[in-house]
Structure formats: structure tokens, C-alpha cells
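Only one structure is covered here, and it is reproduced in the block below.
Here, each number is a calculation from the coordinates, and none is a lab measurement. Since we're looking at a predicted model, the values are computed, not measured. Positions of Cβ are generated from backbone atoms using ideal geometry, with glycine treated the same way; all protein chains shown enter the neighbour counts.
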Amino acid sequence: MGLADRYCENIHKNIEPYYATWLPTVPVKLGDYGKMDGKIFIRQGNIKTDFGIDFTVEADTDSGDFEYKSSGTNAINANAGGTAGLVKALLTITFSNQYDVFFVAASCLADQMNNVPSVVQQLTPQFKTKKMKGYMIVTQVVKAGTSTIAVSSDKGSQLVIEASSPEIPAIDLKSPQGQFSVKSEQNISFKIVAKGGLNPLFQLEAVGSEGGFF
């Protein structure tokens, strides 16, 4: 298994029933449909535009955070060896194994498709007509205020994140006002640091008894 497989498998196993968006920068919308390649969702279209099936949405109003790090992955906040206010704060993330994951999605809102059984019931005959077996539809999408994601490529990997200003005493990746950048990295396969506007997680529903995970 490669980077994408291991990342998506790690996230689903530890933040179930959610699936990970791959790439994390790819937009995901309610009503997207596609097939699974392992735990990777391969989008093929949207049921509104392709099949004319409409649905209502329940918008989330209470935000929350998602955090996950692989066993043996550590994050240490430190001032860069000087007096607070004179030097920039650092967050050093160390990884013990290849494909270890560090994941923080903060200030998240989850939009949910209403009346999912009715939508699936409407969709199933159209999928059967087109002989579309094993398809899934996106029924919930998590919108993150800010996301930080890193995946190691080898043992002993390291990512060092730096605050934008000496006025920031410590790095809080969940802060919507935080401005951070990568200071250094070693053996990191993939990284996103404090990026806003992503949909890093979503939920799926199988369509038809002949497909999905039945």
C-alpha cells in the first residue's frame, strides 16, 4: 500500500465513520457519488447534476475539532531557544514510522443530507438501469476552519512548524487566527499547514443491496 491508501485507511480506522478526502485539497460535495478503491473514494459525479435528484441539507451550527496522530507521533511546542517575544515559537512533530499521520481539523462544521433513505430509494433504480454496482454517495461533509495534515515517508521523520511572529507565544494549530509556516522538514511525504476552507472528512452511504459494504 502507498501513501494515499495508508493515509485514508488510518483516518477511517481512527475517526470512523468518517472517510478521508484524498487529496485533502480536493473539494467534496453532498451528493457526490463514486466507488471505493480500498478506503479511497473515487468521485465520478453528483446525483443532482447527473440524475436530477434533489435533497435538502441540515447545516451544522456547532463547530468542533478532529485530532488524530499515529502511535509514536509526538508534537512538542517550544520557543526557539530565546526569550518569548523576541524569537518565533516552534512546533516540532516527530514520526516513528513510515506513513505515520498527524491530523488536526479545527472549527469544523458538518453539513448533513436530510432523509438519506429516501434519496437512496430514488437513486437505486437509476443506478440499476445503468448497471452501476458498488457505488456510494456522500451524505455528510465536514468543513474545516483550518487543517494541518502531515504524513511521514520514513522512520524518524520530522516536521517543524514556525509561528509567523515573535508575538505568538506558542503554536496552536486549532486557532483560526494562527499564521504558521514550515520551517524545516525531513522525510515528509505530504503536508498541509494551517490551511483554511478544506473538506478533509466525509461520510458515505451505499446505494443498492448489490453494492457498497453490504
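Quick look at the numbers
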item	result
Karplus 3J(HN,Hα) series, Hz, for segment 105-120 with 6.51 cos²θ - 1.76 cosθ + 1.60 (x for Gly, Pro)	10, 10, 6, 8, 10, 10, 8, 10, 5, 7, 6, 4, x, 5, 4, 4
Gain in span if fully extended, Asn77 to Gln122, counting 0.36 nm per residue against the direct Cα distance	11.1 nm
Proximal lysines relative to Lys131, as straight alpha-carbon distance under 23 Å, when same-chain residues fewer than 8 apart are discounted	Lys35, Lys39, Lys48
For peptides 106-112, 7-13, sequence by mean Cβ density within 10 Å, most packed first	7-13, 106-112
For segment 134-193: relative contact order, % (alpha-carbon pairs under 8 angstrom, 6 or more apart)	46
Computed over the chain: relative contact order in percent, which uses C-alpha pairs under 8 Å that are six or more apart	25
Alpha carbon centroid spacing (whole Å) that separates segment 98-127 from segment 1-80	8
